[in-house]
Amino acid sequence: MTLELQVKKDNPKVLHLFWDGELWKSVSKSLFINEVKKFPPGLTWEELNSRFSAAEEKLAKRYVLFLLSRRSLLSSEVEAKLLDRGISSDCVNRIVEFCVKEGYLNDPNQIERFFSRELKKGRPAKAAYFKIKQKGVSCSDLRAHYEHALTSERDALLKWLEKNKKKINRDDPKEMRKWIAKLCRRGFSTEIVLRELATKDL
């Protein structure tokens, strides 16, 4: 029984690993090929699994630390990137646990910074909530940060209104309705929009 390597025909970034003629794993070619080529011939199934597991963890850890050296990421983003590279779910969990333990990953701080950054740009808490939720963050992790961000939503709206005050004609009811609809589409609550447009001295 032998290990065979084959680049996927319709996707040269993917490397297929065959054992005894049957597809065993599909992994990232750029990440794995040099390491797998070092495996000696004549390995038993047990030896192959042991060597591959060790190589997988080493390569996954190196890859994640490279990513985190470039920018901060959420645990969910790290998980997605590793799984996309063909890393097994068990290995992904170990790498994420390692990064959290060593302080390389800190989801609460990252989520808080994200909400703060979005609010500083004049974007509402609701829009920020759905944007970061798309990154795979669980609702339970987001809820506390979202509720805190809601307290700053009024400030975000006021900042947006101040920035765009010259464009808004408060004396034109039709135009005001358009602005209300636009702000609501941006994620601001209707109640806050109506109150601030009615009372804010533009």
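Can you tell me which residue is farthest from the chain's Cα centre (by Cα) among those in region 81-94 that are of a type in the set (A, V, I, L, M) and in a helix (DSSP H, G or I)?
Among those residues, the one meeting the criterion is Val92.
Could you please find all residues in region 1-18 being under 17 Å from Ser88 (Cα atoms), surrounded by 16 or more Cβ atoms within 10 Å (Cβ to Cβ) and either modelled with pLDDT under 95 or not aliphatic (A, V, I, L, M) (or both)?
Once the filter is applied, which keeps residues that are under 17 Å from Ser88 (Cα atoms), surrounded by 16 or more Cβ atoms within 10 Å (Cβ to Cβ) and either modelled with pLDDT under 95 or not aliphatic (A, V, I, L, M) (or both), region 1-18 yields only His16.
Does Arg51 satisfy being surrounded by 12 or more Cβ atoms within 10 Å (Cβ to Cβ) and either within 23 Å of the chain's Cα centre (by Cα) or more than 30 Å from Glu147 (Cβ to Cβ) (or both)?
Yes: the conditions hold for Arg51.
If you take the residues of region 19-41 that are free of Cβ contacts under 8 Å to residues at least 40 places away in the same chain and among the small types (Gly, Ala, Ser), which of them is surrounded by the fewest Cβ atoms within 10 Å (Cβ to Cβ)?
The residue in question is Gly21.
Among the candidates Cys91, Cys184, which residue alone is assigned by TED's automatic domain parsing to the domain that holds Ser28 and of a type in the set (A, V, I, L, M, F, W, C)?
Only one candidate passes the filter, namely Cys91.
Suppose we filter Ser30, Ser26 for residues that are assigned to a helix (DSSP H, G or I), polar (S, T, N, Q) and within 18 Å of Leu82 (Cα to Cα); which single one remains?
None of the other options fit; the residue is Ser30.
Here's the yes/no breakdown for (1) within 30 Å of Lys163 (Cα to Cα); (2) assigned to a helix (DSSP H, G or I); (3) of a type in the set (Phe, Trp, Tyr):
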| residue | (1), (2), (3) |
| --- | --- |
| Ser76 | no, yes, no |
| Glu79 | no, yes, no |
| Val96 | no, yes, no |
| Val100 | no, yes, no |
| Gly103 | no, no, no |
| Pro108 | no, yes, no |
| Ile111 | yes, yes, no |
| Arg117 | yes, yes, no |
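The values are calculated or read from the model by the stated rules, or taken from the named source; none is laboratory data. All values reported here derive from a predicted model rather than from experimental measurement. So basically every Cβ, Gly included, is an ideal-geometry build from the backbone, and we count neighbours across all protein chains shown.
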